[in-house]
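Below is one structure; the comments refer to it alone.
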Amino acid sequence: MKGVSRLLITITVIISFLFLPSHFTSASSLSSFSTSLDSEAYVVVDANSGEKLIGKNADMVMYPASITKIVTAIMAIETLDLDETVTISEEAVNADGTRVYLLENEEVTVQQLLYGLMVSSGNDAAIALAEHMAGSVEAFSKDMNEFAKKHVGTSSTHFTNPHGLFNDEHVTTASDMAKISAYAMKNTSFRDLVATESYEWIGEGWETTLYNHHPLLRQLETVIGIKNGYVEKSGFTLVTAAEKDDTEVIVVTLNSATSDLGRRDTERLLDYSFKHYETQWVSFEDSLITPGFIYPEKVGVTTFKNEPISYDVSNNGFLRIYGSGNRLLGLNSLDPIEIESKEMLEKETLPSERGKLATFLSFDWVFVTGFLFV
């Protein structure tokens, strides 16, 4: 019953704040900005808080093309030893589209295949990794869908292959790809991979320098990855991670008419986002902590640029974070610290820690900011 009660409280909180009046960028201002962009769909997300800043058709189901490889890469990194070897199959060798020219029965490390996948967008590398992880492309596609839905929380994504070549049922949304990308960028190995500008490829069938296909990685200092894509039915697709000071954002653009237009849209979205918004981090001072509850070490919230923030904790464990004018930014019900007895507490707590009941753990947040979409 305790779990059910907490769930009902959370649902009530979410519903209560769904229709708060927005205090962010005016609709007319955002509409004017939106008309200057070419991409059919786009979204900008704060990578730390998960907050959507601005977007257009962000939940429209569309074709992703090679940004699909983001999922293949993060699944390989989380599942495999980077130094283990993969034996290349005939199916991988015969992949359509962009390749890194693998040979049948060639043995290549997972790490090298990942560079071939994400730096040079090799479809043969995608198939080789998929077969190594799941036995076949079909089986891996099922694993991709389970991963996206259960581990990341996507709602409108369905994959049929590990590389993004066109299939009418191979679809996603800008919002879902932003979620997937933010998830992947939390992995250090993935971050290093997608930040790679060039890689010396040495294989049995090909030796060359691979250059990252992302159009902004070498052009903008703030950009730290991650992947571009194109097939005729999808148009040009682009996912970009960028950071400035303590703020990191994910930009997704889908179905741009040309690569240059997708790049231009991304640059404008980055400029707009870093100009108007930032991530601020809340750390919890002992003097403001209500004892008896579990606190995170810190929490990132999305705010206007230089917006003052504050927080309080109610006696029943509700943590509330406010922006200017007491605008509610974040709300969470903290878990209580369960203590069996005073005697047990004394035994299990170091003398230097006694009386300090806050244990720092991570938890899920309900954000109630109300950024505008068109």
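Every number in this text was worked out from the coordinates using simple rules, so none of it is lab data. Keep in mind the model is a prediction, meaning the values are calculated, not measured. Cβ sites come from the backbone with ideal geometry, for glycine too, and all protein chains shown count toward neighbours.
Data table
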quantity	calculated
Loop GluC sites (Glu not before Pro), the range 79-123 (other Cβ atoms within 10 Å of the site Cβ: 16 or fewer; DSSP)	Glu84, Glu104
Trypsin sites (Lys or Arg not before Pro) within the range 289-332: DSSP coil, no more than 14 neighbouring Cβ in 10 Å	Lys305
Cut-off 15 Å, label 7 Å out along Cα→Cβ of Glu232, residues of the range 259-287 by amide N	none
Ranked list, fewest to most other Cβ atoms within 10 Å of each Cβ, for Asp260, Asp245	Asp245, Asp260
Note, ³J(HN,Hα) from phi for the range 300-312, Karplus 6.51, -1.76, 1.60, rounded to Hz, x at Gly and Pro	x, 10, 8, 9, 4, 4, 6, 6, x, 10, 8, 8, 8
Phi to ³J(HN,Hα) by Karplus 6.51 cos²θ - 1.76 cosθ + 1.60 over the range 167-181, Hz, x for Gly, Pro	8, 4, 9, 9, 9, 7, 10, 4, 4, 5, 5, 5, 4, 4, 5
Residues Asp143, Asp312, sorted so that the one with the fewest Cβ neighbours within 10 Å comes first	Asp312, Asp143
Three-way shape label, the range 208-255, alpha-carbon gyration tensor, a/c 1.5	oblate
Gain in span if fully extended, Asn145 to Asn306, counting 0.36 nm per residue against the direct Cα distance	54.0 nm
Where GluC sites (Glu not before Pro) fall in DSSP loop in the range 123-215, at most 15 other Cβ within 10 Å	Glu169, Glu197, Glu204
Cα→Cβ-extended label distance, 7 Å offset, between Thr208 and Asn187, nm	2.6 nm
Added length on full extension, which subtracts the Cα-Cα distance from 0.36 nm per residue, Phe318 to Glu91	76.2 nm
Long pairs among Lys56/Lys186; Lys56/Lys150; Lys149/Lys186; Lys142/Lys233, criterion Cα-Cα beyond 19 Å	Lys56/Lys186; Lys56/Lys150; Lys142/Lys233
Ala257 versus Ser34: modelled label distance in nm, points set 7 Å from Cα along the beta carbon direction	1.9 nm
For the range 204-209, 3J(HN,Hα) per residue [Karplus equation, 6.51 cos²θ - 1.76 cosθ + 1.60, θ = phi - 60°, Hz, x = Gly/Pro]	5, x, 6, 10, 6, 9
